[in-house]
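Comments concern the structure below.
Bear in mind that the values in this text are calculations on the coordinates, not laboratory data. Note that the structure is a prediction, hence the values are computed from the model and not measured. Heads up, the Cβs are rebuilt from the backbone with ideal geometry, glycines too, and the neighbour counts pull from every protein chain shown.
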Amino acid sequence: MQGKFITIEGTEGVGKTTNIEFIQHWLNRRGVEFVSTREPGGTPLAEQVRELLLTPREEKVGDSTELLLMFAGRAQHLDQVILPALDSGTSVLCDRFTDASYAYQGFGREMDCSLIAKLEQIVQGDLRPDLTLILDIPVEIGLKRASERSTPDRFEQEQIEFFDRVRQGYLKIAEENPERCTVIDASQSLDQVQASIEAVLENFYSQASATE
Ligand code: Z5A
């Protein structure tokens, strides 16, 4: 089977890291060859860009600076990791991708989404994920989970209204891309969330093997 590009998205503390481990086990059991990676980051250079983006600092980071750094890291990540893997038939499991730029910079920072679409075209051409799981929870629950786990990074210091806009952005992306995106209710127990994820993966892989 051709390598598939699977992305996981959602607002803070939604459980991406926890559920990516579950997906890795599922893919291993199924015998799918894959690389697991993340954005921002995924290569040594892109991880340095991540550090620049997430470190809280006194200097205000401009919205355009933030957006361009996201896409600079993404260009490197695509060139070094994502495209070589997909070209060799290896699947890619990625913790966040360009939907996060639409959700956080487009909806959260209220930047012009047509500008993001231009950068997407320049950096990715026509490449889009084959499957995107959007984990969704009320922002208050996610922020509480995230705050119990670690000290806030630069994004986590934002106000609740920002994360509400991000969440609405993800729901809009899902509505506009139903063939690719599935929204999972991540406020359920971990067992229930993982049962929902497993059902989506089963369905996705059985359809993929039927069409190849
Ligand atoms: N960003 C952007 O602005 N634009 C872009 O284009 C991209 C990214 C690519 C870093 O992302 C930041 O970059 C991000 C958006 C921005 N903003 N922030 N912050 P990140 O993915 O590295 O950071 P994150 O969103 O904060 O992810 P995280 O810290 O890894 O959280 P998580 O993976 O979603 O959650 P978790 O660690 O798996 O779970 C949190 C806690 O909840 C943990 O204690 C779990 O045990 C618990 N948990 C998980 N699921 C459950 C359930 N179902 N019930 C109860 N408890 C649970």
To the nearest Å, what is the center-to-center distance of the range 62-114 and the range 147-212, using C-alpha atoms only?
16 Å
Counting only backbone N atoms under 11 Å from a point 7 Å out along Cα-to-Cβ of I122, the residues of the range 69-93 in range are 69, 71-72
Between E51 and E175, what is the label-point separation in nm under the 7 Å Cα-to-beta-carbon projection?
4.1 nm
Near K4, which lysines are there with a Cα under 27 Å away, not counting those fewer than 8 places off in the same chain?
K16, K118, K172
Packing-based ranking, highest mean first, of 123-136, 54-67 given that Cβ atoms within 10 Å are counted:
123-136, 54-67
Positive-pole candidate from P152, Q192, Q121, dipole of the range 111-212, charges at beta carbon:
P152
Please give me the summed charge of the neighbours of I20: other residues whose Cβ is under 11 Å from its Cβ, Lys and Arg +1, Asp and Glu -1.
+1
Within the chain, which whole H helices from DSSP have a Cα span along their axis of at least 30 Å and a mean Kyte-Doolittle hydropathy of -1.0 or more, if any?
190-211
Relative contact order of the chain (C-alpha contacts under 8 Å, at least 6 apart) in percent is 33 percent
What number, in percent, do you get for the relative contact order of the range 45-149 if the mean sequence gap of Cα pairs under 8 Å and at least 6 apart is divided by its residue count?
26 percent
Between I184 and residues 5 or more places away or on another chain, which pairs have amide H atoms under 5 Å apart, with H built 1.01 Å from N, and which residues are they?
I134, L135, D136
Gain upon complete extension [S88, M1; 0.36 nm per residue less C-alpha separation]:
30.2 nm
Candidates Q80, Q105, Q157, ranked by Gaussian network fluctuation over the chain, Cα under 10 Å, top entry
Q157
Residue among E39, E158, E47 with the largest mean-square fluctuation in a Gaussian network model of the chain, springs linking Cα atoms under 10 Å:
E158
Note: the chain at 25 °C, 0.890 mPa s; Kirkwood Rh on alpha carbon pairs; Stokes-Einstein D in µm²/s works out to 140 µm²/s
Mean Cα-pair separation over length for the range 29-104, i.e. relative contact order, pairs under 8 Å, 6 or more apart, %:
48 percent
Which value in nm describes the separation of the simple spin-label points at Q192 and K60, placed 7 Å from the Cα toward the beta carbon?
4.2 nm
